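Heads up, the thing below is written out as structure tokens.
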Amino acid sequence: VRRELAPGAVHLPDWLDLDAQRELVRACRGWAGALRAARLPNGGVMSVRSMCLGWHWYPYRYSRTIDDGDGSPVTPFPEWLGDLGRRALADAYLGDAPDYRPDVALVNYYDHTARMGLHQDREELSTAPVVSLSIGDACVFRFGNTENRGRPWTDVELESGDLFVFGGPSRLAFHGVPRTRPGTADPALGLVAGRLNITLRESGLD
Ligand code: MD3
Ligand code: FE
């Protein structure tokens, strides 16, 4: 199945089979020690815990150096994730995507209380699409407009294995996760609880 929610916003439910999802859970387990609740410039703390491959990510910028003190180096962005991103884009947009070269993977972990408010992703200088992969508990994903945080928006259920690609005019749409659906994940995933979301992006930085 392939659903185009808006121009450039393509949802492919159940794109990753169970084995591929389990592989991603395993990879994320190796990165889990770096998960942090990011501090917002306004003093708030995000309920989602994140870690970034390829760059350090801060709301709302990328950095080559860690600026919050613990001195940890940037976690490398693995080749196989770029390959997965090109396959995702090719399937979503029905063509090859040889020029897609993501250099950032943002890994978000949601426990049963975590939410993400409506926001735009504007840290990247590249206009290339964002590839989003969901694993674990289902969630309500809110896809808004490109003007503001208000209506109109569309709520979509994202389930484990779903691929969503956001490009073209949808690249700057407001979006968020108003709630997850605790306990809906398949125990066979090897994820004890919660929801993982991995987004692949081209930073456009060097
Ligand atoms: C639409 N993550 O990491 S994925 C984020 O489920 C983020 O963790 C959410 O929003 C999550 O920034 C939503 C879907 C998504 C990701 C990036 C987008 C939708 C997007 C970028 C532009 C437009
Ligand atoms: Fe986002």
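Scan the range 30-52 residue by residue and report those that are surrounded by fewer than 17 Cβ atoms within 10 Å (Cβ to Cβ) and in contact (Cβ under 8 Å) with a residue 60 or more places away in the chain.
TRP31, ALA32, LEU35, SER47
Which numbered condition in (1) touching a Leu at 6+ places or on another chain (Cβ under 9 Å); (2) surrounded by 15 or more Cβ atoms within 10 Å (Cβ to Cβ); (3) in contact (Cβ under 8 Å) with a residue 60 or more places away in the chain; (4) in a strand (DSSP E or B) is the only one that PRO178 fails?
The number of the failed condition is (2).
Which of the numbered conditions does THR184 fail, given that it passes all the others? Conditions: (1) of a type in the set (S, T, N, Q); (2) near ligand 1 (Cβ under 9 Å from one of its atoms); (3) closer than 24 Å to VAL25 by Cβ.
(2)
Which residues, counting only those in the range 161-181, are of a type in the set (Gly, Ala, Ser) and more than 9 Å from ligand 1 (Cβ to nearest atom)? Even if it seems obvious, please write down each step before you answer.
Initially, the range 161-181 is screened for residues of a type in the set (Gly, Ala, Ser), giving 161, 167-168, 170, 173, 176.
Hits for the range 161-181 are GLY161, GLY168.
Suppose we filter TYR110, TYR93 for residues that are closer than 30 Å to GLU4 by Cβ, within 11 Å of ligand 1 (Cβ to nearest atom) and out of contact with any Phe, Trp or Tyr (no Cβ under 9 Å at 6 or more places or on another chain); which single one remains? Show your work before the answer.
Working: TYR93 fails: within 11 Å of ligand 1 (Cβ to nearest atom).
TYR110 is the lone residue from the list that is closer than 30 Å to GLU4 by Cβ, within 11 Å of ligand 1 (Cβ to nearest atom) and out of contact with any Phe, Trp or Tyr (no Cβ under 9 Å at 6 or more places or on another chain).
Out of GLY95, GLY82, GLY136, GLY168, which single residue is away from ligand 2 (no atom under 13 Å from the Cβ), among the small types (Gly, Ala, Ser) and closer than 16 Å to LEU196 by Cβ?
Values: GLY95 fails: closer than 16 Å to LEU196 by Cβ; GLY82 fails: closer than 16 Å to LEU196 by Cβ; GLY168 fails: closer than 16 Å to LEU196 by Cβ.
That would be GLY136, the only listed residue that is away from ligand 2 (no atom under 13 Å from the Cβ), among the small types (Gly, Ala, Ser) and closer than 16 Å to LEU196 by Cβ.
Do any strands (runs of 3 or more DSSP E) lying entirely in the range 38-117 carry at least 2 residues that are touching a His at 6+ places or on another chain (Cβ under 7 Å), and which ones are they? Step through it out loud before you land on a result.
Values: elements: 45-53, 56-58, 61-63, 104-110.
The strands (runs of 3 or more DSSP E) meeting that bar are 61-63.
Being of a type outside the set (Phe, Trp, Tyr), on the phi < 0 side of the Ramachandran plot, in a loop (DSSP other than H, G, I, E, B) and within 16 Å of ligand 1 (Cβ to nearest atom) is the filter here; which residues of the range 1-36 pass it?
PRO7, PRO13, LEU16, LEU35, listed by residue number.
Here, each number is a calculation from the coordinates, and none is a lab measurement. Here the structure is a predicted model, which is why all the values come from computation and not from measurement. Note that each Cβ is placed from the backbone with ideal geometry, even for glycine, and that neighbours are counted across all protein chains shown.
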